[in-house]
Every structure is written in C-alpha cells, then in structure tokens.
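Throughout, read-outs are computed from the coordinates displayed, never taken from laboratory work. Computed from a predicted structure; not experimentally measured. Cβ sites come from the backbone with ideal geometry, for glycine too, and all protein chains shown count toward neighbours.
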Amino acid sequence: MDLRFRDAEPTDDERAAVDAVLGPPPSSWHGGLRTEDDLHFAAGGREARDQRNLLLPALHAVNDRVGWISEGALDYICRRLTVPPAEAYGVASFYSLLSLKPRPARVLHVCTDLACQARGAQEVRRHVQERLGPPGTSWTPSPCLGLCERAPAALALEAGETPKSTVYAPALPDGGPASGTRAGGRAAGGANAGDTDSAAGQANVQLHDPQTERPDGPATGGARGPGGDGGQGARILLGREEPSAASAVPQAGDPSLVLLRRVGAVDPASLDDYRAAGGYAALRRAFELGPLGVVQEVTESGLVGRGGAAFPAGRKWAAVASRPARPHYLVCNADESEPGTFKDRVLMEGDPYALVEAMTIAGYATGCAKGYLYIRAEYPRATARMRHAIATAHARGLLGEDILGQGFAFDIEIRRGAGAYICGEETAIFNSIEGYRGEPRSKPPFPVDRGLFGMPTVVNNVETLANVLPILLNGAAAYARTGTEGSTGTKLFCVSGGVARPGVYELPFGATLRELLALAGGPPADLRAVLLGGAAGAFVRPDELDIPLTFEGTRAAGATLGSGVVLVLDGSVDLAGILVRIAEFFRDESCGQCVPCRVGTVRQEEALHRLSRAPKAEDLTLLREVGQAMRDASICGLGQTAWNAVESAIDRLGAFPLPSAPLTASVGAGSAASPAPSLVRAASPAAPVALPVPSPPEAS
Amino acid sequence: MTVPLPPPRRLVELTVDGAPVRVPEGSTILDACGGAGQDIPTLCYGDTLTPKNACRVCMVEVEGSRTLVPACSRKAEAGMVVGTSTERARHSRKVVLELLGSSVDLSTTPRAAEWLAEYGARPGRFGEDAAKVEQPVKVDNDLYVRDYDKCILCYKCVDACGEQWQNSFAITVAGRGFDATISTEFDAPLTDSACVYCGNCVEVCPTGALSFKSEFDMRQAGTWEESRQTQTTTICSYCGVGCNLTLHVQDDQIVKVTSPHDNPVTHGNLCIKGRFGYQHVQNLPSPGTSGTPRATSAGDITSPGTAPPRADATEVATGGRT
Ligand SMILES: Cc1cc2nc3c(=O)[nH]c(=O)nc-3n(C[C@H](O)[C@H](O)[C@H](O)COP(=O)(O)O)c2cc1C
Ligand code: SF4
Ligand code: SF4
Ligand code: SF4
Ligand code: FES
Ligand code: FES
C-alpha cells in the first residue's frame, strides 16, 4: 500500500490530540520530524497497520478536542496508522457525531425521538430553532439519547482540551414549566409537572441559550460523577445537575430487586461499597466452578440475551469456549441506541462494578483475556463511571494479570461509539472496533466462529451479563425458578411516555403489561397504544394489556420484548407523527450497505408522509410490499425489522384508515380517533406473503 | 485464483427448484443454479471479487431459513432445498429492482431493462417525489468518468481498488444510508487522490457509473454503437507480465480496452499502460472513419491525430506520478 497525501498539515492542537492517543510519532514516516535514520530505514508497514483499531479513538480525540476533523488532522492520523486517507474518510463520515466540516466547539443535540416526541420534543425543538436558527452546526436533532425517563432530553457536547457534556433532561423551554403547555403541545413539565419531580429529582438545568450558558455552571446539588481518569480518547467532565442513576429507578430500595438492587444503595464510585454489598462473591464462585462449570450454570439457568435477539447465552458461551482458535474475545454491547431504551445506562451508572465483575466472569468462562466494552458516545456519565470502575478494579487486582491470585488474566478496554445505532448490531460492532465502517457483516460465519479480529467472540448485552451474577450466586436452579419456563429470571423494562413514574422497572418474567403499567402509575385514561420493544418492536392496544411480558408471550401476541421498551402513548400523541419518526429513524440509521434497507427505508418514510396527509390504498400496498422485501432481503436486523412497528400500527391500531375503500371495514373504521380500534386484524390483501410475527434480529 | 491442481473436492447434493443438483463443496448457491440452468439476476456479484452481497437482487428461498438468502455468496450445503423463483423470492427481486430503478439511472446497466420487465417491476410507482441519487457527472481526468447517478453502491470498485486487487485505496464508500456515495477523501478530484488509473474499477463496475472517457464521450455524442464493435484479445506489449488485452474497436479505432476475467494471472486487471496507452498503435495517418466526433479534449489520448508518446499518456492522467 502506497499512501498518498495532499498538502494539508495538522494544527498543533490536532497533533497533540492524536499523540495523546497514539503516543509521539516514532519517526518521520509516521508524521514526526525527519531524522538522519529516517533517510535510511523505512518504518510503519505492518506494525502501524496493526494499530488500525485505534482509528476511531484517534478520530474521536480530534473531534473532542477541536469539534471537527480537518483534512490535516485526518492525514496525520493516517500517517500514524498507515491507513489510506480515503478509508479513514469513509470511516469518519459514517458516524454522525464526527464532523468533517468546521463547526462550533459546542453542539447541542436535541432528542426528537419517540419517548421525547410523546412528551413535547417538538416544543423544545421549535424553541431551540427560534434561538439558534436552522439545525446544522450549533445544534442538531438527535435520535434517542437514552434519557427517555426524563424526556424531552437534550445533550450538549463541547469540544476542548477537557471536553464537556451537559445533559438537559427534561429540557424545558425558557420560562419553565408554565410555558410547557402552550401551543397545545404537551411539553414536559406542563401537564406532567408532578411526575417530573419524582422521576428526575429537582435539579434540572433549564435550557437557556446553549451558546452562552456555562456547562459547568453553578452546581445545584445532585451527583457528580467520579470523573474520567485517563485512558485513551477523551476525558469528559460531567454536568453537575444530573440526578443520580437511582432517580431513574422508581422501585429503588425494594428488596425484591435483583439486577437493580444496588442501584441507589451503593456509591457507584466505591469498590468497597460494592464488595460490602455482595460484590465479587460471584467471581469467587466462578473460580470454584471452573470455566466449564460456569458455562454449565449459565446454560442451565435458561438465560437468554437481553439485547433484542433473545439468543440463549449459555449456548453462545459454550460455543466460544470450545473453539480451538485463540485468542477469544468478549464484547459487551453497551451501544444501547434502540429508541426508548435506557436500562443499560442505569445499570452502568448505578452499579458499574457489577458489569466489571460480570465481564470478568464471562471472560473466564469463555477463555477470553480481553474484553471490550463498546459504549455509545452519548453516554458520558456511564462512560466515566465505567472508566473509573475499571481503573479501580485494576488497581486492586480484580482485573489484570493475576485476578484474585487465581492465575487468570483479564482486561477490559472501553471503546466509544460515535453516533450510529447500527454499531449495536453484533457484527457491525466488530467493524467499528477494528477501525472500519460500522457495517454489519454477513452471517455465516457467526461471531462465535469468526468475530472480532476474525477470532471466536462472545457478544453480550449489558443486562444479559448482569444476570450472570445472580445465576452464580444462587445457582442456576434457583435463578430459573423466577419467571416462566421459556423466559427465566427477571427483566428490566424501560417505561417512558405518558405515565406518572417513567423509569427502569425490574419484574419477574411473566408479569403482565398491565401490572407493569400499574407500578409506573397506571395507564393514562386516554391510553392510545403501547409500543413494545422499541422502533423495531410492535404496538399493542389498550385492550391487550394482559399480554404476559415474556419472550414467548409477546411472540404469541405478535409483538416482541425487544430491548425492553415500553413506550406509553396517550391520546395527546400524534400517532402518524410517531410512525413518521420511526421511519425517519431507520432511514437515518441504515448503514446503506444493502438496497432493500438503504432505499426501502426512504420509500417507507415517503409513503408515511403521504399517508399522514391523505390515506390512500396504493400507499398502504406499497408499504406492505416494500416492508416484505426489507424483512426478507435485508442483510441485518435493522432492515429486517424496519417495518415491524409501522405494520403493527396499521394492522392492530388501524392507523391510516381509508376514507371509503372496501378495505376500511377490516382496517378499522374511524379508528384513528378511537382509543380501542377494531380487534380484527387487517387481512393484508396486498401482502404477497403474510409473516404476521415480527421477527427478532437474527441470532448468532 | 486458479490453482493448477486443486485437491479433489467432495460433491454436495442439494435441490434447486425441485431438481437434484451436485456441486463441489464450497460452491455457492449461484454456482449450483448455473449448473441447474436457472438465470438469477446479479449486480454486486463479480466473478473476480469476493461477494459483498449488498445489492440483494439474487435472493432465493432456502427451506428453513427465516429470511431469503443471497445466492451469490451463500455456500451450497448438502440437503439444502432452494427455490429460485418462489413467490417470496420473485417479490423481493421485483421490489429491489424497483427501489434501484427509482433511485438511480439504470439506463446503462446491462440487462436491467430485461429484468424490470421480467419481474413486472414499476419503479415509477413511488411517485414523482421519490428521492433519487443526484450527483453531477465527475469528469476530472482524461481517462475515466464517474457518473454516480448510476451507481448502485455495489462496492465492487472499492474492493477492486483496495485490498482485493489494486491496493491503491483511492476510493471508498463515504457517508451513511441513502446519502452514502463512492468518494475519494474529502471528495477530492481523482487527480489529487491515490488513483493510479489502472481502470480496474471501471472493469468491474456493473452499471456504467464508471466508464472510460472514450466511451463516455462517444455516448454523449451518440456515436457509441456496440453492435458495430469488434473485440480482439491480444497480449499487452508493454512488459513481460503478458496481460491479455481485449481491444474494442469501432470504425478502426480502439474505443476501449478490457481484459478477460478468466485470465489466470491477472483476472481482468491491468495497469494504466495496458488499459489506456494504446494510441501508439493507431497513429498511422489513416483516413479511416475519423469523422467520429468523439475526441474532444486535448489530453485525450485516444484522439486520432494527436500522437502523445507513451510517457505523456500517463502524465496527462496523473500529473506526473505513476
Ligand atoms: C440494528 C441493531 C441494533 C442493535 N443494537 C443493540 C444494542 O444497542 N445493544 C445490544 O445489546 N444489542 C443490540 N443489538 C442486538 C445485537 O446484535 C446482539 O444480538 C446482542 O448484542 C447480543 O447480546 P445478547 O445475546 O446478550 O442480547 C442490535 C441489533 C441490531 C440488528
Ligand atoms: S439492513 Fe440496513 S443497516 Fe443492515 S446491512 Fe442492510 S443497509 Fe445496513
Ligand atoms: S483506476 Fe485503479 S487506482 Fe484509480 S480508482 Fe480505479 S481501481 Fe483505483
Ligand atoms: S461506481 Fe460502479 S462499481 Fe462502484 S459502487 Fe457504483 S455501481 Fe458499483
Ligand atoms: S431520550 Fe429522547 S427518546 Fe430517548
Ligand atoms: S448479486 Fe448477490 S447480493 Fe448482489
């Protein structure tokens, strides 16, 4: 490979930011000053290319320092890593949080996604636009920020020597709660002023002009994170006003909690607290059982993945453990970007050592010496807490060469995403970590055979791993006694939208949707629908609240648990607007690799725009046909599920009833205005092949 | 890559559209279908490249699989039951063709019109306002033209330019989703990029989005007539590798050079000299049919009458670097 560069030079800041990640350049071949030796010996080559996986951290470093990545900076990174500039450009342009054009250091990301839309995001957006003008440089609409329990949310990211982030949740337009109800919109804090308090605590920053407001402004109390402590990439100071993670857990303190039991009860920065609350007993137990014993316990527990695909964890672990090729890798998927999902954030913010311990156990059981924690960049506080926990565990011999004197070596490296939902897909995550565009790979081969760096890899969701601790502590049999036969244990649900107490709830599998909503303050009187499972999930009607919340129960009802999203839509919500937003989300987040998804998501969005103006039979047919092709022919779960929610809205909620076509009878006449539309599932006259059950993404 | 004496491979038996087919282990479903006589459309599949399976026109139904599977890349397995024209498979092919036809210009994609008709695809049904890939034609060098209005993002050019063949990495997929395009870094002109003008990307492009300048100019002028062209395969005279060149000749003028993909040494790949340095063989002051108004730019090394020496040919394109 013969790299060719144009004449752009990095600025001193850019150079320093890159060197902070990669170390000083070893020679002029890497962009350093030329020495006599450099004239005689070439350097770089394979050694530099083997560092390709540092491409994204290096891009992050510049973006965090300067706010955007100039041609000079990109070229410098490429010299350092022997990456062709075109490839690095392709990678940088893949991520929505990286900019290749100049922009202000501080950018406000205003969530316009589902849970926020159900609670006044339009109002916030309008307000910000009034102040800052059209979106683009100083602010931008954002997909779900994982702060849905405090919707509507916004996040300011500010580049600099010490990058800063400020969370605004709920983001209140100037003038505070009172103005929230203006224009008929249901802005946060308006109709729901009371719940805001219980959910998010009192200490919320109001959304002033983000240009002038100081992110580290006067503290009004609330938790301050332990702070980032070195490591590669950026250091991020935390906004001081964020309420503690426990405020997202209305059940906090309830003795029946398993996964959430320490959230709010221990100081997330303190390893001693964690140990005093039972921490690291599970790892000791794992050492007693031995790797095979651990895999067996996990298999017998019936634990299935909580990331959306519901694949048995034990089978995945056993497969990787048995593969002769070495090294094995563990990847913890903390990319949590399914709109409406925030459970993994709460676990990481409230009980970070539990994830460190669980990853250590997973590494031990499956023969991995290295685990990557891939966490979305929109989670600065969770990232800081995890960094701190990993560093402390390291310092105390709970990570590193010889853990607890057992001769087991294991380490965890944090990798930050950069704004791409698709990187949560289990093979896209590998490409992202390796320094390539975060495009899913085609399966087979499956990750257990050829995953990260081509090696056998276990990918598990944060919540899945959290379950390993109670499994080892109490034994598989005891664990499996909770829940149902097909869905063992407890499940975290992310309840958001029109309820009094939004937040993360933990319930044994088998509880009904009605029971869950009762905990959250009960369904609103004018309940219109509940979106289960997120943008890739399905809507259920008010008369279906007795659905048992299990994998098999939701599947039988033609829905899915997905990532545990329970988004409650009341009568004030514009359903068509929600559907358009779902379509927009998939259009924005499609990686663009395959035609059905790249173009199909665009056509789906266009048809929904037309339908929300005037329902027409052709457009419904078109949606079904395109939807079927996306489901059948897309490479990955994103395209395969991009039509699920829209389909369920049409079939189950009777969205877009036709004025007087013969179809009307079955689609549910006049149901747009009716809270409980026809029970009759629409016969799908146009669907060439009826596949009524939305399928989860392909499991590995 | 052809290995002289491949070890004997076991045969696997599968069923394609009801008929038993036996193929060597490691073959794809597409190979098996070829053997069985089925004609499955393909776009991103390339006979000299590892399949990216991005276009999804080749999807077939395999019993027991939740989704359809790409014939071009899925390996045939013993006992597989494949349906190449089931309702589901045909439906998805039709929609994929419609999605492509409504977003990009398929006018120079060989067989596209035939497939659209065969599957009853109506790209127009998405309406006037359906978003399209709209990009101006990029003519920034004298050797080949990039018209990404026609690009279906099959990744073949990127793979050919990068690690699968040329190792130049001049182009990449940039952006995401519907906005993704093939691009150099910061969309720089090709002359500022790492491109070495091997033309290997043009060789594999299935849509005509990439085309030789000579062909592009003739198409613009309406003088491109494939039916009047002859193809002659010969050996490149520049160096000792001995690549095969196929000279496409219209009216006694070479109008483009391709290379046979089944050549065991070069697999259709050439360098700038073999691909573009052909003017010297036709610099005879021939009356010919030089009325062809295809040669316009001064640097066009295929223009009759201008007689750039070989070195100039490469300089024109690359600004002096080779
Ligand atoms: C488009 C897409 C996005 C995904 N995002 C996530 C995610 O953010 N977090 C996650 O844990 N799993 C996500 N998944 C599921 C993963 O592919 C994978 O199944 C999961 O991480 C495996 O872990 P588990 O078995 O513990 O659930 C996503 C899947 C798809 C198709
Ligand atoms: S389905 Fe969508 S996200 Fe997945 S590979 Fe295809 S284009 Fe990319
Ligand atoms: S001509 Fe060759 S070097 Fe240039 S872009 Fe095409 S494949 Fe790459
Ligand atoms: S330019 Fe041609 S080869 Fe390249 S991606 Fe587009 S269609 Fe494929
Ligand atoms: S934070 Fe806005 S939808 Fe989740
Ligand atoms: S030819 Fe098989 S996916 Fe493109």
Checklist entry - Any idea what diffusion coefficient chain B gets from Stokes-Einstein, in µm²/s, Kirkwood Rh on alpha carbon pairs, 25 °C, 0.890 mPa s? => result 114 µm²/s
Next on the checklist: Suppose R0 equals 56 Å. What FRET efficiency, 1/(1 + (r/R0)^6) with r the Cβ-Cβ distance, do A:ALA281 and B:ARG66 give to the nearest 0.05?
Outcome noted: 0.90
Checklist entry - Nearest-5 percent of antiparallel DSSP beta bridges in the range B:1-132? => result 85 percent
Checklist entry - Averaged over A:599-608, how many beta carbons belonging to a partner chain fall within 10 Å of each residue's beta carbon? => result 6
Checklist outcome for this item: Share of Cα-Cα pairs in the range B:78-150 beyond 16 Å, whole percent, is 60 percent
Checklist entry - How large is Rg/Rh for the range A:528-647, to two decimals, with Cα atoms and a Kirkwood Rh? => result 0.97
Next on the checklist: Please list, ordered by chain and number, the residues whose modelled amide H lies under 5 Å from the amide H of B:TYR144; skip anything fewer than 5 residues away on the same chain.
Outcome noted: B:LYS213
Checklist outcome for this item: Beyond 26 Å (Cα-Cα) in this structure, taken from B:LYS150/B:LYS256; A:LYS101/A:LYS343; A:LYS370/B:LYS52; A:LYS316/A:LYS491; A:LYS101/B:LYS213, we find A:LYS101/A:LYS343; A:LYS370/B:LYS52; A:LYS101/B:LYS213
Next on the checklist: Pairwise over distinct Cα atoms, reciprocal of the mean inverse distance: report the Kirkwood radius of the range B:1-132 in Å, one decimal place.
Outcome noted: 15.9 Å
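Two decimals, Cα atoms only, Kirkwood Rh: what is Rg/Rh over the range A:271-478?
A ratio of 0.93.
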Next on the checklist: Starting from the Kirkwood Rh over alpha-carbon pairs, what translational D in µm² s⁻¹ does the range A:380-509 have by Stokes-Einstein at 4 °C and 1.567 mPa s?
Outcome noted: 72 µm²/s
Next on the checklist: Can you say what percent of the DSSP beta bridges in the range A:271-478, counting only those with both residues inside, are antiparallel? Round to 5.
Outcome noted: 15 percent
Next on the checklist: What three numbers, in Å, describe the spread of the alpha carbons of the range A:490-570 along their principal axes, ordered from the longest?
Outcome noted: 28, 22, 21
Checklist outcome for this item: Per residue, the convex hull enclosing the alpha carbons of the range A:12-92 has a volume in Å³ of 81 Å³
Checklist entry - How big is the equivalent ellipsoid of the range B:122-164 along its three axes, where each semi-axis is √(5λ) from the Cα gyration tensor, reported in whole Å from largest to smallest? => result 27, 16, 7
Next on the checklist: So, R0 is 45 Å and r is the distance between the beta-carbons of B:ASN283 and A:ALA391; what FRET efficiency does that work out to, to 0.05?
Outcome noted: 0.05
Item to check | At R0 = 51 Å, FRET efficiency that the Cβ-Cβ distance of A:HIS609 and A:ALA477 yields, to 0.05 | outcome: 0.45
